[in-house]
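Report on the following structure.
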């Protein structure tokens with residue numbers, strides 16, 4: 001039930017994330033005006049706001065002006081639903097589930113925004129980090145997990161510190177937005193263990209390197225040209241939360 005409920009919540013949150021992704025980088029409000037077609041300005045009805053279903057029924061076009069609606073909208077909604085379901089399956093019915101869902105939603109929005117604009121807006125990153133920290137604090141209070149909360153804080157400082165050093169060494173290669181994002185990633189991963197922080201961040205770097213080489217090989221990028229790093233940090237973090245327990249256990253045994 002918790003997995004199904006989380007998936008349904010993910011669909012709804014994914015619809016909201018589409019608004020965040022479209023409006024925040026442009027400096028718009030996520031509250032006003034109501035959802036509307038960016039081409040003809042017509043306000044959407046409730047039946048046009050049903051996640052995934054509306055896009056499929058309307059064949060990816062606005063009912064008013066027939067302008068094509070990006071396939072990214074249902075993809076974000078579906079991705080959020082799948083991620084929420086996977087996180088619920090991993091965490092279970094515990095208080096810290098809320099913190100993980102907030103973090104995953106924020107990371108998804110930030111990853112897409114970074115791909116679009118090569119920016120990680122504080123208006124998304126700040127509230128996501130604050131809400132995650134508060135919910136982890138609540139989980140520590142309710143479930144007496146103060147040790148986990150302490151590791152979470154240490155993980156946030158560790159992630160921030162590592163990427164800050166890289167940023168200071170090569171500002172052109174690592175933006176300060178990535179440094180702040182690493183604070184959020186470390187906050188989430190530290191809750192599970194400091195080994196998770198190290199492996200999650202390292203996984204982000206490895207994934208970024210692999211994708212970068214693939215883009216260069218496909219002549220979609222060139223050496224020296226920056227690519228957004230936020231999506232890889234987000235992927236490393238979420239991947240570690242979902243599948244990293246065996247890797248973290250192996251790292252603890254090794255070191």
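The values are calculated or read from the model by the stated rules, or taken from the named source; none is laboratory data. Owing to the predicted nature of the structure, the values given are computational and were not obtained by experimental measurement. Don't worry about glycine lacking a Cβ; one is built from the backbone with ideal geometry, like all the others, and counts go over all protein chains shown.
Here is a list: 208, 204. Which entry is in a helix (DSSP H, G or I), at pLDDT below 90 and under 20 Å from the mean Cα position of the chain (by Cα)?
Every option except 208 fails the conditions.
Residue by residue, here is whether (1) at pLDDT 95 or above; (2) under 25 Å from residue 235 (Cβ atoms); (3) surrounded by 13 or more Cβ atoms within 10 Å (Cβ to Cβ) holds:
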{"position": "2", "(1), (2), (3)": "no, yes, yes"}
{"position": "9", "(1), (2), (3)": "yes, yes, yes"}
{"position": "43", "(1), (2), (3)": "no, no, no"}
{"position": "59", "(1), (2), (3)": "no, no, no"}
{"position": "68", "(1), (2), (3)": "no, no, no"}
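Looking at region 46-133, what helices (runs of 4 or more DSSP H) fall wholly within it and have at least 1 residues that are under 21 Å from the mean Cα position of the chain (by Cα)?
72-91, 96-117
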